[in-house]
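Beneath this line is the structure, given in structure tokens, with notes to follow.
Only the coordinates and a few stated rules stand behind these numbers; no lab work does. Please read these numbers as outputs of a predicted model, since none were measured by experiment. With ideal geometry, Cβ positions are generated from the backbone for all residues, glycine too; neighbour counts draw on all protein chains shown.
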Amino acid sequence: MERHMNGVISREHQNIVSELMHQEDGSAAVDGSGFLNGSSEDMHAAESFLHQAMDIIIDEAVKKATNVNEKVCEWRSPEQLKELLDIELKDGGESESKILQRCKDAIRYSVKTSHPRFFNQLFAGIEPYSMVASFITEAVKTSLYTYEVAPVFTLMEDAVLRKMIEMIGWEEGGDGLFNPGGSMSNMYAVNLARYRFCPDLKEVGLYSAPRLVLLTSQESHYSISKAAALLGFGTKNVYLVPSDDRGKMIPSALEEKIQLAKSEGAVPFFVNATAGTTVFGAFDPIDKIASICEKHNLWLHVDACWGGAALISKKHKHLLKGIQRVNSVAWNPHKMLMASLQCSAFLVRDKSSLLQRCHSARASYLFQQDKFYDVSYDTGDKSVQCSRKPDAFKFWLMWKALGTKELEQRVDRALNMAKYLEQEIKKREGFKLIMEPEFANVCFWYIPPSLRNLPDGPELRKKLHTVAPVVKERMMKTGSMMIGYQTHGDKPNFFRMVVISPQVSRQDLDFVLDEIHNLGKDL
Amino acid sequence: MEPALCDLKDPLINHAEGQLFLNEAFKIIVEEVLCKGTDVQQKVCEWREPDELARLLDLELRDAGEQQDRLLQRVRDVAKYSVKTSHPRFFNQQFAGVDYHSLAGRFLTEALNTNLFTYEVAPVFVLMETEVLRSLRQLVGWTEGDGIFCPGGSTSTVYAMNLARYRLFPEVKSQGLWALPRLAIFTSPESHYSVRKGAAFLGFGTDNVILVKVDERGHMIPEDLDEKIELSKSQGAVPFLVSCTAGTTVQGAFDPLDGIADVCDKHKLWLHVDAAWGGSVLFSKQHRHLMKGVDRANSVAWNLHKMLAAGLQCSALLLKDTTDLLKRCHSSNASYLFQQDKFYDVNLDIGDKSVQCGRKVDCLKLWLMWKAVGSSGLEQRVDKAFLLVRYLVDQMKKRDGFHLLSEPEFVNVCFWFIPPSLRGKEGNADYQNKLAKVAPTIKERMMKRGTLMVGYQPLGDKVNFFRVTVFSHLVSHKDMDFFLDEIERLGSDL
């Protein structure tokens, strides 16, 4: 069997060891051929392998992936792909060169989310400084529960949270942590709000509590609903507040729903306002909502997972006006700011260790109180998780590299791009804007020539509804670009263009509109 | 046209610069983190007080950016002051060591930067995750089933609780707990704290987590489980879940799964096996008996980033269920992600099985490692760990001053170090107090010297003792000898 840098031991070795293990005195084998002797690593082979792997990664997953002349995706059906990847896991191992080939294959058939024409999600592009930070994180491979085992990353998370809190505008400071995703951050907000309402519920459960009600807009992210189900409130106790035709929560409607809940004998305790809704990129009027929440003593959380980046831009931060009045914020730097996935911050305006009190279980094998350093640096008990990845570092290193000014420029540019796209869509026949973008989401229909003379009505809508899915299929099979589509309310399927990456230029946006027309004009 | 729009002609980013930085930084990572980090001649950690470290790292985030040279120095600093968790003398946690195939897989995961919610955006990884879960289920003994990767074992516990609740009372998803009777959860005091955290988080309340007695080695006692269930019922509660442990955190004990499964079958409770730590014994023909009966469970949590060094996070939740319970329990059918009119089979869009939206790709690193060494290679690592532990225990017994709590069942070796000044003094009134101070002092010394890292904790009425976890395939018997010598060196004068 090939000598393997990860120490796959041959059959001969095993037999010797078995013999030695059965020695009279029961002592374990220690001689030269022994299983237990020396580390089974060959550092040179390991280094060589890693360098080769990194060469492949840089050539294929970075250089090619960001090259506009290459495809965004190499579409294959699941059956084909399983075969191409030889996906089944087996008993025996493989050579280094085979593994390197597998790396190439995984890259080839993966979607190039860093491609200039990938617009499918609320993340895109590439940020090399963040990527380096994520490589370091993987190599250092530690967990963020105690200072003793992650000293550097503990301090870095703290520094990043402080800076984010400064941008939000909480002068008295706050608390927070990084979570595996914005959905989790939203769940933390709900849990904290419950704990503040009645700390005893942590021990006794919801059974003896009054019926608690959460309020959020109809445009908000589905994680509020998932949070309600998971945390035991039930989705029917999430009251949806209507939004206006720009996708923003209507404050008077919020007041009505609160009164409705109270009249039913229920107790509203939590309001979620969204700063940058998923589909339209709309911003709820936080200031007005904050006034209502203060009046009724409700916890106000702002889901700024998508729109939080606007806080970095002097020009656009007004979109989150009032945010310094809220109780908690979720903000994902892995979206518009392009930190590597995952990079999701949860911030709470509290200096009373609420996070810690709400979540702690004080496990004695991790959070000993007789350590030789200040144990307030052990952040583990703020979290519902045990092991936690050092995600904040991916944001810290890129912030150091770029500086706030450059981050601001990127946000401004992304929003300028959206304006440009809006203008172009208005100029072109066959493209119809759903609404003028407030942020970076540009939602529009492409109406093929054959449908352009139809009057607005059920027939047009039905046919229009089938256009986007076909154009999407064609673009993916061509590999020219990726854009998302969806319905919304009773609207037929429309495209949602989201511009994030500063590597995207005007030509790319022109291309998108040209290509949609090319792919869909015969429909 | 606004002035800024003219600038939109060209990309704002300089790819060549970025790629240069990637290359240079990578060299530093290999040298400083990987080579030095696995070299016994180098320190395990470079201890600094938090204030001092904050100064050294220059943490402040500023308006202006920095040059590449400065940033590369920062990379070096992070490497220098981070604990070397792959070092052969790092025994502090339930993760250690490094597998280079998995590491390559992790770098690749980062570079490809995607989420696992739909086939369209992560085709390779959706298929890969399905295959990895299938192979893991096979080791559990299930030919069918379901599962998902979670961001940690604690989340796997939370999922199991949520699924068990939903199975019994599907209306809870919409109605909440007010529509249900008081539910009871059963676990042992040796189980992981995520059971309690999960109970609080999901709204059950930690008072409704009933602790079942354990024997002197830390194993749940099935007879007591049965009694506690009956008692709970008589008090008007509805038992619905038992969370038992395959490899407890401190002692590494394996609860008797068959006996517990009998009780769960009798009362029709969901049986969750938290095998986050011990699950990897299933790779070993020699040691899998420790989890005999696991196929009778409803769910199994198994963290491959622990014993098998797949790299944080690699936490699988495996389910026996074939009724799409996971999806029914968690789905919310968001129309902007899970359109039903896609051009491919939308069952491949696994996102709605999760409570997360964006979810990291955690399967590639495990898949690549498994391909590289095969199940037999992983089996060898597990077997080697047990052999090393046997060696360590044998050596410990030969030396004065090392007092085992009990014979290890797994790879956790729990022991007190009794310095010479305390030997023979067990009768003294202040013996326990003095002994309690030994481990923390030795820990401080080892970290300041950077020679070793091993954890300590109290347990019940037992004062501070060390828990050394030996399983990294980079560790040899020489490291075991060093371990014992160093503890002696650090503690002999106490």
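In table form, for the structure just shown:
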item	result
Relative contact order of chain B, pairs being alpha-carbon contacts under 8 Å that are 6 or more residues apart, as %	19 percent
Normalised convex hull volume, segment A:398-503, alpha-carbon set, Å³ per residue	123 Å³
Kirkwood Rh and Cα Rg combined as Rg/Rh, chain B	1.00
Relative contact order computed over segment B:32-176 (Cα-Cα under 8 Å; 6+ residues apart), in percent	18 percent
HN-Hα J in Hz across segment A:442-453 - Karplus 6.51, -1.76, 1.60, θ = phi - 60°, x for Gly and Pro	10, 9, 7, 9, 9, 10, x, x, 4, 9, 5, 9
Translational diffusion coefficient (Stokes-Einstein; Kirkwood radius from C-alpha pairs) of the protein assembly as shown at 20 °C, 1.002 mPa s, in µm²/s	73 µm²/s
³J(HN,Hα), Karplus 6.51/-1.76/1.60, whole Hz, each residue of segment A:223-236, x for Gly, Pro	5, 5, 5, 5, 5, 4, 5, 5, 7, x, 7, x, 5, 6
For chain B, the longest site-free run once GluC sites (Glu not before Pro) in DSSP loop states with at most 11 other Cβ atoms within 10 Å are removed	B:217-425
Hydrodynamic radius by Kirkwood, which averages 1/r over all alpha carbon pairs of segment A:158-288, in angstrom	15.9 Å
Antiparallel DSSP beta bridges within chain B, percent to nearest 5	55 percent
Semi-axis lengths (Å, descending) of the ellipsoid that matches the C-alpha gyration tensor of segment A:402-461	34, 10, 7
Ellipsoid semi-axes in whole angstrom, largest first, where each is sqrt(5λ) of the Cα gyration tensor of segment A:53-103	24, 18, 5
B:Gln68 paired with A:Lys64, simple spin-label distance in nm, labels 7 Å along Cα-to-beta-carbon	2.4 nm
Segment A:84-224: radius of gyration over Cα atoms, expressed as a fraction of 2.2 N^0.38 Å	1.52
Rh by Kirkwood over Cα pairs, then Stokes-Einstein D for segment A:33-167 at 1.306 mPa s and 10 °C, µm²/s	85 µm²/s
In segment B:382-436, trypsin sites (Lys or Arg not before Pro) in a DSSP loop with at most 14 other beta-carbon atoms within 10 Å	B:Arg399, B:Arg423, B:Lys425
Whole-Hz ³J(HN,Hα) from phi, Karplus 6.51 cos²θ - 1.76 cosθ + 1.60, for segment B:64-75, glycine and proline x	8, x, 9, 6, 4, 4, 4, 5, 5, 5, 4, 4
Highest-first arrangement of A:114-121, B:240-247, where packing means the average Cβ count within 10 Å	B:240-247, A:114-121
Structure-based [θ]222 nm, chain A - -39500 (n - 2.57) summed over DSSP H runs of at least 4, per residue, nearest 500	-12500 deg cm²/dmol
Set of segment B:397-433 residues, backbone N closer than 17 Å to the point 7 Å along the Cα-Cβ line of B:Glu216	B:403-409, B:414-416
Simple label model, 7 Å out from Cα along Cβ direction - A:His296 to A:Ser77, nm	5.2 nm
Segment A:436-494 and segment B:443-478: distance between their alpha carbon centers, rounded to Å	61 Å
Neighbouring partner chain Cβ atoms per residue of A:90-103, average, 10 Å criterion	5
Flagged links, alpha-carbon separation over 23 Å, of B:Lys228/B:Lys327; A:Lys226/A:Lys248; A:Lys226/B:Lys360; B:Lys213/B:Lys434	B:Lys228/B:Lys327; B:Lys213/B:Lys434
Prolate/oblate/rounded call for segment B:264-402, Cα gyration tensor, a/c under 1.5 rounded	prolate
Magnitude of the charge dipole, the protein assembly as shown, Cβ model with Lys/Arg +1 and Asp/Glu -1, debye to 20	1780 debye
For segment B:185-279, the Rg and Dmax computed from alpha carbons only, in angstrom	12.3, 35
Estimated FRET transfer efficiency (B:Arg423, A:Glu172; beta-carbon r; R0 45 Å; 0.05)	0.25
Radius, Kirkwood style, for chain A when every pair of distinct Cα atoms is counted (Å)	26.1 Å
Counting DSSP beta bridges with both ends in segment A:143-389, the antiparallel % (nearest 5)	40 percent
Label-reachable residues, segment B:178-220, where backbone N falls under 13 Å from a point 7 Å from A:Lys236's Cα toward its Cβ	B:178-180
Sites A:Arg246 and B:Asp461, calculated FRET efficiency, Cβ-Cβ separation with R0 56 Å, nearest 0.05	0.30
Pairwise label distance in nanometres, B:Asp262 with A:Arg357, each label 7 Å out on the Cα-Cβ vector	4.7 nm
Over segment B:373-452: Kirkwood hydrodynamic radius from C-alpha pairwise inverse distances, Å	15.0 Å
FRET efficiency, 1/(1 + (r/R0)^6) with R0 35 Å, evaluated for B:Thr143 and A:Gln218 via beta carbons	0.20
